[in-house]
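One structure is given below, encoded as structure tokens.
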């Protein structure tokens, strides 16, 4: 007898979902839709979301280890160990074939497991600056892959926090989490008002503000060095546009990475890696 229309029941050996229209998978539908998976700043008119997404077993483990609260998991049936160990009881875990996962999520490549997690409360600049000595400030970095790459670099090279200004992307957007290899889940970050007004808490905390620019009259980063004992904030702008004139004017020092004649810029993540290593490495382990 043919099965009546409707969602396929789970297999006897586990919760295997075979119908992309199964209502249990509704929270995972359309994960490429930015409005559903990005927290937008107030006043932008976007509905935003109270969840964020991880892709793959590694990022799921890192999210769980960082204390984030899982809401649901959707795993590839061929990867039975994809779900992170220690998942709290009661968290829905669904399994499906790769084709069903792609049809539901809209992702071209689906890793072992897609996780949905509750967004934590965002911290304030004052909270992340407490005790910090080396911070990165990103103005208008809207590309989530670049933002994730910079935050990963900041975390690995010893920066204490990253501050976001000028409509910078959401560090918990799916592509930012993936691009950072999960660094955005653990590295302290907070939002600032637009620059230069957003620099007020940094000034109050005694930070020296360094603005990265390709301008030929800026100080070479290797001439400035790590500034042992200083509290430093490194400003970086969006790829192409760079920092706004107001942000550059508000800096204590404008710094540049020396490049061959005719070159005008580096990818912002690559530039961040060089500048953080040279200017902020006082917070990283030497060896």
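The values are calculated or read from the model by the stated rules, or taken from the named source; none is laboratory data. These numbers come from a predicted model, not from an experiment. Cβ sites come from the backbone with ideal geometry, for glycine too, and all protein chains shown count toward neighbours.
The rows are residues; the columns are (1) in the same structural domain as residue 81 (by TED's automatic domain parsing); (2) over 20 Å from residue 79 (Cβ atoms); (3) assigned to a loop (DSSP other than H, G, I, E, B); (4) at pLDDT 50 or above.
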site	(1), (2), (3), (4)
7	no, yes, yes, no
30	yes, yes, yes, yes
46	yes, yes, yes, no
58	yes, no, no, yes
61	yes, no, no, yes
Worksheet item: Identify, please: which residue in the stretch 200-211 is out of contact with any strand residue (DSSP E or B) (no Cβ under 6 Å at 6 or more places or on another chain) and not in a loop (DSSP other than H, G, I, E, B) and is, among those, surrounded by the fewest Cβ atoms within 10 Å (Cβ to Cβ)?
Response: 204
Fill in: Any chance residue 194 is on the phi > 0 side of the Ramachandran plot and surrounded by fewer than 20 Cβ atoms within 10 Å (Cβ to Cβ)
no
Practice prompt. State whether one or more residues within the stretch 185-204 are within 20 Å of residue 151 (Cβ to Cβ) and over 23 Å from the mean Cα position of the chain (by Cα).
Written response: no
Worksheet entry | Looking only at the stretch 240-250, and only at residues there that are buried (at least 18 other Cβ atoms within 10 Å of the Cβ) and either within 25 Å of the chain's Cα centre (by Cα) or not assigned by TED's automatic domain parsing to the domain that holds residue 135 (or both), the one that is modelled with the lowest pLDDT | 242
Item to complete: Filter the stretch 104-123 down to residues that are more than 30 Å from residue 192 (Cα to Cα) and in a loop (DSSP other than H, G, I, E, B) and give me whichever is modelled with the highest pLDDT.
Response: 112
Practice prompt. Could you please find all residues in the stretch 199-229 being within 18 Å of residue 162 (Cα to Cα) and without any contact (Cβ under 8 Å) to a residue 40 or more places away in the chain?
Written response: 200, 203, 204, 206
Worksheet item: Which ones in the stretch 63-84 are outside any loop (DSSP other than H, G, I, E, B) and either in contact (Cβ under 8 Å) with a residue 60 or more places away in the chain or outside the structural domain of residue 108 (by TED's automatic domain parsing) (or both)?
Response: 63
Discussion item. Being part of a strand (DSSP E or B) and closer than 22 Å to residue 126 by Cβ is the filter here; which residues of the stretch 212-256 pass it?
Written reply: 232, 233, 234, 235, 236
Worksheet item: Residue check, residue 125 against (1) touching a strand residue (DSSP E or B) at 6+ places or on another chain (Cβ under 9 Å); (2) under 17 Å from residue 180 (Cβ atoms), all met but one. Which one?
Response: (2)
Fill in: Conditions (1) at pLDDT below 85; (2) part of a loop (DSSP other than H, G, I, E, B); number of the one not met by residue 35
(2)
Discussion item. Name the residue that is farthest from the chain's Cα centre (by Cα), counting only residues in the stretch 124-146 that are assigned to a loop (DSSP other than H, G, I, E, B) and crowded, with 17+ Cβ neighbours inside 10 Å.
Written reply: 133
